[in-house]
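This report concerns only the one structure given below.
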Amino acid sequence: MSAYDLTLGTGQSAIRFDGGAGIVGARHGWGLQNLTDWMSLSDAKNDVNERALQHGALDPGQTTRQSALITATVAYVGSTVAELEQAIYALNGLTAEPAAPLRATFRGAAGETHRDMTNIEITVPSHRGRSRLSDITIDMTAIDPRAYGAESTNSTGMAAHGGGLRFPLTFPVNFGTPGTDGRVRFTNTGTATTYLTLVVTGGMSQGFSLKRVETGQTITISRPINMDDTVTLETYYGTVLLNNQSILSGFLTEYDWFQCPPGETCTVQFTPLGTVTGTPTLTMTASPAWW
(Lines give C-alpha, C1' and ligand atoms only; values in the text may rest on other atoms or scores of the structure.)
Protein backbone atom coordinates (compact mmCIF):
# COMPACT_ATOMS: atom_id res chain seq x y z
CA MET A 1 0.00 0.00 0.00
CA SER A 2 1.43 3.35 -1.05
CA ALA A 3 1.71 6.45 1.18
CA TYR A 4 -0.25 8.45 -1.38
CA ASP A 5 -3.91 7.62 -1.88
CA LEU A 6 -7.42 9.03 -1.74
CA THR A 7 -10.56 7.40 -0.31
CA LEU A 8 -14.11 8.56 -1.06
CA GLY A 9 -16.84 7.59 1.36
CA THR A 10 -16.77 5.52 4.53
CA GLY A 11 -17.58 1.95 5.46
CA GLN A 12 -18.04 -0.90 3.02
CA SER A 13 -19.13 1.34 0.14
CA ALA A 14 -15.95 3.46 0.25
CA ILE A 15 -13.70 3.52 -2.81
CA ARG A 16 -9.93 3.81 -2.42
CA PHE A 17 -7.76 5.22 -5.22
CA ASP A 18 -4.21 3.91 -4.92
CA GLY A 19 -1.50 6.44 -5.79
CA GLY A 20 1.30 3.87 -6.17
CA ALA A 21 3.39 3.47 -9.32
CA GLY A 22 2.00 1.59 -12.29
CA ILE A 23 -1.66 2.46 -11.78
CA VAL A 24 -2.40 2.38 -15.50
CA GLY A 25 -0.18 -0.62 -16.13
CA ALA A 26 -0.64 -4.11 -14.73
CA ARG A 27 -2.10 -2.97 -11.39
CA HIS A 28 -5.73 -4.01 -10.96
CA GLY A 29 -8.50 -1.74 -9.67
CA TRP A 30 -8.69 1.99 -8.99
CA GLY A 31 -5.62 4.21 -9.16
CA LEU A 32 -5.01 7.88 -8.34
CA GLN A 33 -3.25 9.65 -11.19
CA ASN A 34 -3.34 13.17 -9.76
CA LEU A 35 -4.91 15.14 -6.91
CA THR A 36 -5.15 18.88 -7.56
CA ASP A 37 -5.47 21.59 -4.88
CA TRP A 38 -5.78 19.32 -1.84
CA MET A 39 -2.82 21.16 -0.29
CA SER A 40 -3.47 24.53 -1.97
CA LEU A 41 -4.67 27.60 -0.07
CA SER A 42 -8.19 28.53 -1.18
CA ASP A 43 -9.18 32.00 -2.41
CA ALA A 44 -9.74 34.70 0.18
CA LYS A 45 -12.23 37.54 0.47
CA ASN A 46 -12.45 40.61 2.69
CA ASP A 47 -15.43 42.63 3.81
CA VAL A 48 -14.76 46.26 2.85
CA ASN A 49 -16.61 49.23 4.39
CA GLU A 50 -16.87 52.24 2.11
CA ARG A 51 -15.94 55.64 3.54
CA ALA A 52 -19.02 57.75 4.15
CA LEU A 53 -19.50 60.60 1.65
CA GLN A 54 -15.98 60.27 0.24
CA HIS A 55 -13.87 58.14 -2.06
CA GLY A 56 -12.08 54.99 -0.97
CA ALA A 57 -12.76 52.58 1.84
CA LEU A 58 -11.71 51.82 5.38
CA ASP A 59 -9.14 49.12 6.07
CA PRO A 60 -10.36 45.66 4.97
CA GLY A 61 -11.96 43.53 7.64
CA GLN A 62 -11.24 39.96 8.61
CA THR A 63 -10.00 37.66 5.85
CA THR A 64 -12.23 34.65 5.21
CA ARG A 65 -11.41 31.69 3.01
CA GLN A 66 -13.74 30.55 0.26
CA SER A 67 -14.63 26.96 -0.54
CA ALA A 68 -11.88 24.62 -1.67
CA LEU A 69 -12.23 23.17 -5.17
CA ILE A 70 -10.56 19.75 -5.41
CA THR A 71 -10.00 17.65 -8.54
CA ALA A 72 -8.97 13.99 -8.49
CA THR A 73 -7.86 12.35 -11.73
CA VAL A 74 -8.23 8.58 -11.51
CA ALA A 75 -7.90 5.42 -13.57
CA TYR A 76 -9.33 1.93 -13.47
CA VAL A 77 -7.73 -1.30 -14.67
CA GLY A 78 -10.18 -4.19 -15.02
CA SER A 79 -10.06 -7.74 -16.30
CA THR A 80 -13.04 -7.18 -18.61
CA VAL A 81 -14.93 -4.26 -20.10
CA ALA A 82 -17.97 -5.23 -18.02
CA GLU A 83 -15.91 -5.01 -14.82
CA LEU A 84 -14.71 -1.53 -15.80
CA GLU A 85 -18.25 -0.35 -16.48
CA GLN A 86 -19.53 -1.75 -13.18
CA ALA A 87 -16.73 0.04 -11.32
CA ILE A 88 -17.73 3.36 -12.91
CA TYR A 89 -21.39 2.75 -12.04
CA ALA A 90 -20.35 2.10 -8.42
CA LEU A 91 -18.39 5.37 -8.36
CA ASN A 92 -21.34 7.31 -9.75
CA GLY A 93 -23.69 5.67 -7.25
CA LEU A 94 -21.42 6.60 -4.33
CA THR A 95 -21.29 10.28 -5.24
CA ALA A 96 -24.61 11.04 -6.95
CA GLU A 97 -27.04 11.22 -4.01
CA PRO A 98 -25.21 10.99 -0.68
CA ALA A 99 -27.41 11.52 2.38
CA ALA A 100 -24.73 13.87 3.76
CA PRO A 101 -21.55 15.49 2.40
CA LEU A 102 -19.19 12.80 1.13
CA ARG A 103 -16.06 12.21 3.23
CA ALA A 104 -12.81 12.38 1.22
CA THR A 105 -9.67 11.18 2.99
CA PHE A 106 -6.17 11.79 1.65
CA ARG A 107 -3.21 9.82 2.98
CA GLY A 108 0.24 11.24 2.42
CA ALA A 109 3.66 10.93 4.02
CA ALA A 110 2.62 13.30 6.85
CA GLY A 111 -0.51 11.30 7.71
CA GLU A 112 -4.23 11.44 6.94
CA THR A 113 -6.44 14.47 6.47
CA HIS A 114 -10.08 14.63 5.40
CA ARG A 115 -12.68 17.02 4.01
CA ASP A 116 -16.44 16.74 3.51
CA MET A 117 -17.32 17.15 -0.17
CA THR A 118 -20.40 18.40 -2.03
CA ASN A 119 -21.25 19.35 -5.65
CA ILE A 120 -19.41 16.36 -7.07
CA GLU A 121 -19.07 16.09 -10.84
CA ILE A 122 -17.50 13.08 -12.61
CA THR A 123 -16.31 13.18 -16.23
CA VAL A 124 -15.66 9.79 -17.83
CA PRO A 125 -14.05 9.53 -21.29
CA SER A 126 -15.03 6.73 -23.64
CA HIS A 127 -13.35 3.39 -22.88
CA ARG A 128 -13.57 2.39 -26.58
CA GLY A 129 -14.14 -1.25 -25.73
CA ARG A 130 -11.06 -1.57 -23.51
CA SER A 131 -10.96 -2.91 -19.96
CA ARG A 132 -8.80 -0.09 -18.62
CA LEU A 133 -9.49 3.63 -18.58
CA SER A 134 -7.51 6.64 -17.40
CA ASP A 135 -8.12 10.40 -17.03
CA ILE A 136 -11.46 10.10 -15.22
CA THR A 137 -11.90 13.43 -13.43
CA ILE A 138 -13.77 13.93 -10.16
CA ASP A 139 -14.44 17.61 -9.36
CA MET A 140 -15.51 18.27 -5.75
CA THR A 141 -16.25 21.25 -3.50
CA ALA A 142 -15.36 21.47 0.18
CA ILE A 143 -17.59 24.21 1.63
CA ASP A 144 -15.25 24.27 4.64
CA PRO A 145 -11.81 24.58 3.01
CA ARG A 146 -9.85 23.26 5.99
CA ALA A 147 -8.31 19.79 5.94
CA TYR A 148 -8.89 17.92 9.20
CA GLY A 149 -6.85 15.25 10.97
CA ALA A 150 -8.02 12.33 13.07
CA GLU A 151 -10.91 12.96 15.44
CA SER A 152 -10.29 13.03 19.18
CA THR A 153 -13.13 12.29 21.61
CA ASN A 154 -13.14 12.61 25.39
CA SER A 155 -15.87 12.77 28.03
CA THR A 156 -16.48 13.94 31.57
CA GLY A 157 -19.21 13.96 34.16
CA MET A 158 -19.93 16.90 36.42
CA ALA A 159 -17.25 18.06 38.86
CA ALA A 160 -17.07 16.03 42.07
CA HIS A 161 -14.91 16.08 45.19
CA GLY A 162 -12.52 13.25 45.92
CA GLY A 163 -12.75 11.05 49.00
CA GLY A 164 -9.50 12.27 50.63
CA LEU A 165 -7.64 10.73 53.57
CA ARG A 166 -9.19 9.42 56.76
CA PHE A 167 -7.48 9.68 60.11
CA PRO A 168 -6.04 7.88 61.93
CA LEU A 169 -4.08 6.54 58.97
CA THR A 170 -3.83 2.82 58.43
CA PHE A 171 -1.60 1.03 55.97
CA PRO A 172 -1.90 0.57 53.10
CA VAL A 173 -3.12 4.18 52.88
CA ASN A 174 -6.55 4.62 51.26
CA PHE A 175 -6.84 7.95 49.46
CA GLY A 176 -10.58 7.50 48.82
CA THR A 177 -12.45 7.96 45.56
CA PRO A 178 -10.61 10.24 43.09
CA GLY A 179 -12.33 13.54 42.32
CA THR A 180 -13.19 14.84 38.85
CA ASP A 181 -12.87 18.43 37.59
CA GLY A 182 -15.78 18.26 35.10
CA ARG A 183 -13.55 19.34 32.20
CA VAL A 184 -12.64 18.07 28.75
CA ARG A 185 -9.55 19.19 26.84
CA PHE A 186 -8.36 19.26 23.24
CA THR A 187 -5.11 20.60 21.73
CA ASN A 188 -5.20 21.78 18.11
CA THR A 189 -1.87 20.71 16.59
CA GLY A 190 -2.81 22.07 13.15
CA THR A 191 -2.36 25.47 11.49
CA ALA A 192 -6.02 26.55 11.24
CA THR A 193 -8.74 27.25 13.78
CA THR A 194 -10.85 24.16 14.44
CA TYR A 195 -14.35 23.77 15.83
CA LEU A 196 -15.91 21.49 18.40
CA THR A 197 -18.86 19.13 18.63
CA LEU A 198 -20.21 19.09 22.19
CA VAL A 199 -22.76 16.46 23.24
CA VAL A 200 -24.53 16.69 26.62
CA THR A 201 -26.79 14.05 28.15
CA GLY A 202 -29.28 14.67 31.01
CA GLY A 203 -30.87 15.02 33.37
CA MET A 204 -30.74 18.59 34.72
CA SER A 205 -33.78 20.57 35.82
CA GLN A 206 -32.49 23.97 34.63
CA GLY A 207 -30.10 23.07 31.82
CA PHE A 208 -26.33 23.41 31.76
CA SER A 209 -23.42 25.74 31.10
CA LEU A 210 -20.27 25.15 29.01
CA LYS A 211 -17.34 27.52 29.57
CA ARG A 212 -14.01 27.69 27.75
CA VAL A 213 -11.66 28.09 30.69
CA GLU A 214 -8.87 29.90 28.80
CA THR A 215 -11.09 32.75 27.54
CA GLY A 216 -14.19 32.73 29.75
CA GLN A 217 -16.51 32.34 26.73
CA THR A 218 -19.71 30.63 27.86
CA ILE A 219 -22.66 28.83 26.30
CA THR A 220 -25.69 28.28 28.54
CA ILE A 221 -28.90 26.37 27.80
CA SER A 222 -31.68 27.30 30.24
CA ARG A 223 -34.21 24.50 29.82
CA PRO A 224 -34.95 21.19 31.57
CA ILE A 225 -32.97 18.32 30.07
CA ASN A 226 -34.47 14.88 30.70
CA MET A 227 -32.36 11.88 31.60
CA ASP A 228 -32.84 10.32 28.17
CA ASP A 229 -32.25 13.55 26.22
CA THR A 230 -29.17 14.31 24.11
CA VAL A 231 -28.20 17.90 23.30
CA THR A 232 -25.70 18.44 20.46
CA LEU A 233 -23.90 21.77 20.02
CA GLU A 234 -21.88 22.49 16.86
CA THR A 235 -19.58 25.46 17.42
CA TYR A 236 -18.86 25.77 13.67
CA TYR A 237 -22.51 26.47 12.83
CA GLY A 238 -23.60 27.85 16.22
CA THR A 239 -26.46 25.34 16.39
CA VAL A 240 -28.10 23.40 19.24
CA LEU A 241 -30.21 20.30 18.60
CA LEU A 242 -32.26 18.23 21.03
CA ASN A 243 -32.18 14.52 20.15
CA ASN A 244 -30.88 15.46 16.68
CA GLN A 245 -34.22 16.93 15.61
CA SER A 246 -35.51 19.87 17.70
CA ILE A 247 -33.76 23.26 17.60
CA LEU A 248 -32.97 24.66 21.06
CA SER A 249 -31.38 27.97 20.00
CA GLY A 250 -34.27 29.87 21.62
CA PHE A 251 -33.19 28.56 25.04
CA LEU A 252 -29.66 29.97 24.78
CA THR A 253 -29.22 32.56 27.54
CA GLU A 254 -25.47 32.84 26.88
CA TYR A 255 -24.07 32.18 23.42
CA ASP A 256 -20.47 33.35 23.25
CA TRP A 257 -19.46 30.58 20.86
CA PHE A 258 -15.85 29.46 21.09
CA GLN A 259 -13.43 27.56 18.90
CA CYS A 260 -9.86 26.25 19.22
CA PRO A 261 -7.17 28.32 17.42
CA PRO A 262 -4.03 26.62 16.06
CA GLY A 263 -1.49 25.62 18.66
CA GLU A 264 -3.87 26.19 21.58
CA THR A 265 -5.52 23.91 24.10
CA CYS A 266 -9.27 24.27 24.55
CA THR A 267 -10.53 23.34 28.02
CA VAL A 268 -14.33 23.20 28.48
CA GLN A 269 -15.89 23.26 31.96
CA PHE A 270 -19.21 21.40 32.23
CA THR A 271 -21.64 22.74 34.87
CA PRO A 272 -25.14 21.23 35.24
CA LEU A 273 -27.78 23.69 36.49
CA GLY A 274 -30.61 23.04 38.95
CA THR A 275 -31.45 19.59 40.27
CA VAL A 276 -29.35 16.78 38.82
CA THR A 277 -30.76 13.34 38.11
CA GLY A 278 -28.96 10.42 36.56
CA THR A 279 -25.38 10.96 35.41
CA PRO A 280 -25.00 14.09 33.23
CA THR A 281 -22.12 13.75 30.76
CA LEU A 282 -20.28 16.05 28.35
CA THR A 283 -18.51 14.54 25.33
CA MET A 284 -16.30 16.71 23.11
CA THR A 285 -15.19 15.68 19.62
CA ALA A 286 -12.65 17.71 17.65
CA SER A 287 -9.98 17.37 14.97
CA PRO A 288 -6.79 19.35 14.31
CA ALA A 289 -7.19 21.51 11.20
CA TRP A 290 -4.80 22.67 8.48
CA TRP A 291 -4.95 25.26 5.71
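The values are calculated or read from the model by the stated rules, or taken from the named source; none is laboratory data. As the structure is a computational prediction, the values presented were derived from the model and not from experiment. FYI the Cβ positions are ideal-geometry reconstructions off the backbone, even for glycines, and counts take in every protein chain you see. Accessible surface is based on the protein model in full, side chains and every heavy atom, while ligands, DNA and RNA are left aside. Shrake-Rupley method; radii C 1.70, N 1.55, O 1.52, S 1.80 Å.
Would you kindly find the accessible area of ASP43, with a 1.4 Å probe and non-protein molecules such as ligands, DNA and RNA excluded, rounding to the nearest 10 Å²?
So the heavy atoms of ASP43 present about 110 Å² to solvent.
What's the carbon and sulfur percent of region 190-290's accessible surface, probe 1.4 angstrom, rounded to a whole number?
Heavy-atom surface of region 190-290 belonging to carbon and sulfur, 1.4 Å probe: 49 percent.
Which value does Rg/Rh take for region 70-126 over its C-alpha atoms, Rh per Kirkwood?
Result: Rg/Rh = 1.01.
Taking a 1.4 Å probe, which of MET117, MET227, MET39 shows the most accessible area, and what order do the others take after it?
MET39, MET227, MET117
Kindly report the accessible area of region 172-291 per residue (heavy atoms of protein chains, probe 1.4 Å, no ligands, DNA or RNA), in Å².
47 Å²
Sort GLU214, GLU234, GLU121 by heavy-atom solvent-accessible area, probe 1.4 angstrom, most to least.
GLU121, GLU214, GLU234
Lys and Arg at +1, Asp and Glu at -1: add these up for the other residues within a Cβ distance under 13 Å of SER40 and post the number.
Neighbour charge sum, excluding SER40 itself: +1.
Where does the charge balance sit around LEU94 when Lys and Arg score +1, Asp and Glu -1, over other residues with C-beta under 12 Å from its C-beta?
Local net charge: +1.
Just need log10 I(q)/I(0) for region 104-144 at q = 0.17, 0.32 Å⁻¹, Debye formula, equal scatterers on the alpha-carbon atoms, no solvent, rounded to two decimals.
-0.66, -1.03
Which whole-number percent of Cα pairs in region 207-291 have a distance greater than 19 Å?
The calculated P(r) of region 207-291 puts 39 percent of pairs beyond 19 Å.
In nanometres, what is the gap between the two model label sites at ASN34 and ASN119, each 7 Å from Cα along Cα-to-Cβ?
The answer from the label model is 2.1 nm.
Net charge around SER209, counting only other residues with Cβ within less than 13 Å of its Cβ (Lys, Arg = +1; Asp, Glu = -1)?
So the environment of SER209 carries a net charge of +2.
Between region 205-225 and region 71-87, what is the separation of their alpha carbon centroids in Å?
Comparing the Cα centres of region 205-225 and region 71-87, I get a distance of 52 Å.
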